[in-house]
Amino acid sequence: MQTWVEENVYVSLFQALAVPVILFDTENRISKLNPAALELLYGSHQSEVLLHAKAPARDILLCLRRELEDHISGAKSDASFEKVFETCRGRRVFEVKLKRLLGRDCAFQGSVAMLVDLTEGRRAEEMGDQFKRVAEQHPHSIVVTDPTGNIEYVNAKFVQVSGYLEHEVLGRNPRILKSCVTPPEKYQELWKTIIEGREWQGELQNRRKNGELFWESVNITPIRGTGGEITHYLAIEQDITARKAAEAERDQQIAELKSALDKVKTLSGLLPICASCKKIRDDKGCWNQLEAYIQQHSEVQFSHGLCQECLAKLYPELNEST
């Protein structure tokens, strides 16, 4: 009775396991597949007897031939290794945990293989490696922080631009770059925006490790987890110091040109002039000497002398002597 109960417990456990399990007999033939293994290999719970000769089972036998032979020979008792199998979901990577099955008399009765699917984990690792390669070669600074703002990753461009080495900033807040030039209100707006889960874009004037000020165009994006919660912040920062310097120089040149143009005085339009005394009436209705009016409305400077007619009229004795 106890043996029957034990056997039924083992069978129930075998059937209930969520991990694919395959049993092999003493001749390395597949003797049993639990439902998880059937689902993985064939996508169904059909009768095992009808499925053992199909491709996935044959592939597994071929992949595990050497390990199963070692089990029969007793060269290895237990083993753990990685294999790639064809399944109904395509090629997938598994950690295979292979164990010998021994009877009450310690005689070899076969092998059991448990398959732990590593595919998604490997894909995540590959995606992580791919992101890191992209980030390291990106032309702009990349900073990843946790939700509280502590730095978890910086790329090579950040090190080059900021002057800080990676180990000097990991675990610290990006405020180490903060300068006294950017108004506090701008940082408050930044944090309010990203905490609410929205993207923030703007320009910040930061400070390098050596104290030098520099300009960055910053884009900060909240990164969400599977549950929708914010898990990280991703900042992409472009050094625009040269561009801002060029813009400042251009603005200065424009201001200087405008100032110069404002100082230029020109005469245009109709000017009321007295037909007798030749005085000119200004826009306030006052009559001014021609010389004074022209000096007020232009950059002309007068040098004084006498024409021949005035010289003869005013100083005839001088005119006769000449």
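For (1) among the acidic types (Asp, Glu); (2) surrounded by fewer than 16 Cβ atoms within 10 Å (Cβ to Cβ); (3) farther than 17 Å from Tyr233 by Cα, each residue gets a yes or a no:
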residue	(1), (2), (3)
Thr145	no, no, no
Thr148	no, yes, no
Ile151	no, no, no
Val161	no, no, yes
Leu165	no, yes, yes
Gln205	no, no, yes
Phe214	no, no, yes
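Take the range 199-238 and flag every residue that is in contact with a Ser or Thr (Cβ under 7 Å, 6 or more places away or on another chain) and of a type in the set (S, T, N, Q).
Once the filter is applied, which keeps residues that are in contact with a Ser or Thr (Cβ under 7 Å, 6 or more places away or on another chain) and of a type in the set (S, T, N, Q), the range 199-238 yields Gln205, Asn206, Gln238.
Name the pairs: first residue in the range 118-138 and touching a residue at least 60 places away in the same chain (Cβ under 8 Å) and outside any helix (DSSP H, G or I), second residue exposed (fewer than 11 other Cβ atoms within 10 Å of the Cβ) and of a type in the set (D, E, K, R), Cβ to Cβ under 9 Å, at least 6 apart or on different chains?
The qualifying pairs do not exist here.
For the range 194-205, how many residues are out of contact with any Asp or Glu (no Cβ under 6 Å at 6 or more places or on another chain) and either over 23 Å from Ile230 (Cα atoms) or assigned to a strand (DSSP E or B) (or both)?
5
When you scan the range 277-288, do you find a residue that is surrounded by 10 or more Cβ atoms within 10 Å (Cβ to Cβ), modelled with pLDDT of 75 or more, in a strand (DSSP E or B) and touching an Asp or Glu at 6+ places or on another chain (Cβ under 8 Å), even just one?
Looking through the range 277-288, at least one residue is surrounded by 10 or more Cβ atoms within 10 Å (Cβ to Cβ), modelled with pLDDT of 75 or more, in a strand (DSSP E or B) and touching an Asp or Glu at 6+ places or on another chain (Cβ under 8 Å).
Could you list, in sequence order, the residues of the range 172-186 that are assigned to a helix (DSSP H, G or I) and either in contact (Cβ under 8 Å) with a residue 60 or more places away in the chain or in contact with a strand residue (DSSP E or B) (Cβ under 9 Å, 6 or more places away or on another chain) (or both)? If you could, list the steps in order and put the result at the bottom.
So in the range 172-186, the residues assigned to a helix (DSSP H, G or I) come out as 174-177, 184-186.
Listed by number, the residues that qualify are Pro174, Ile176, Leu177, Lys186.
Select, from Lys132, Lys97, the only residue that is at pLDDT 80 or above and in contact with a strand residue (DSSP E or B) (Cβ under 8 Å, 6 or more places away or on another chain).
Step by step, each of Lys132, Lys97 is checked, and only Lys97 is at pLDDT 80 or above and in contact with a strand residue (DSSP E or B) (Cβ under 8 Å, 6 or more places away or on another chain).
Say whether the condition of being over 30 Å from Leu170 (Cβ atoms) and in contact with a strand residue (DSSP E or B) (Cβ under 7 Å, 6 or more places away or on another chain) is met by at least one residue in the range 143-153.
Taking the range 143-153 first, the residues over 30 Å from Leu170 (Cβ atoms) are none.
No, there is no match, as no residue in the range 143-153 is over 30 Å from Leu170 (Cβ atoms) and in contact with a strand residue (DSSP E or B) (Cβ under 7 Å, 6 or more places away or on another chain).
Can you say whether Gln253 is surrounded by 14 or more Cβ atoms within 10 Å (Cβ to Cβ) and either modelled with pLDDT under 75 or within 30 Å of Glu203 (Cβ to Cβ) (or both), as far as the supplied structure shows?
No, not satisfied.
Under 8 Å between Cβ atoms, which residue pairs at least 6 apart in sequence (or on different chains) link something in the range 238-257 that is on the phi < 0 side of the Ramachandran plot with a partner that is of a type in the set (Phe, Trp, Tyr) and surrounded by 10 or more Cβ atoms within 10 Å (Cβ to Cβ)?
Correct list of pairs: Asp239/Phe214; Asp239/Trp215; Ile240/Trp215; Thr241/Phe214; Thr241/Trp215; Arg243/Trp215; Lys244/Trp215.
The values are calculated or read from the model by the stated rules, or taken from the named source; none is laboratory data. All of these numbers come straight from a predicted model, not from anything done at the bench. Quick reminder, even Gly has a Cβ in these numbers, built from the backbone with ideal geometry, and neighbours come from all protein chains shown.
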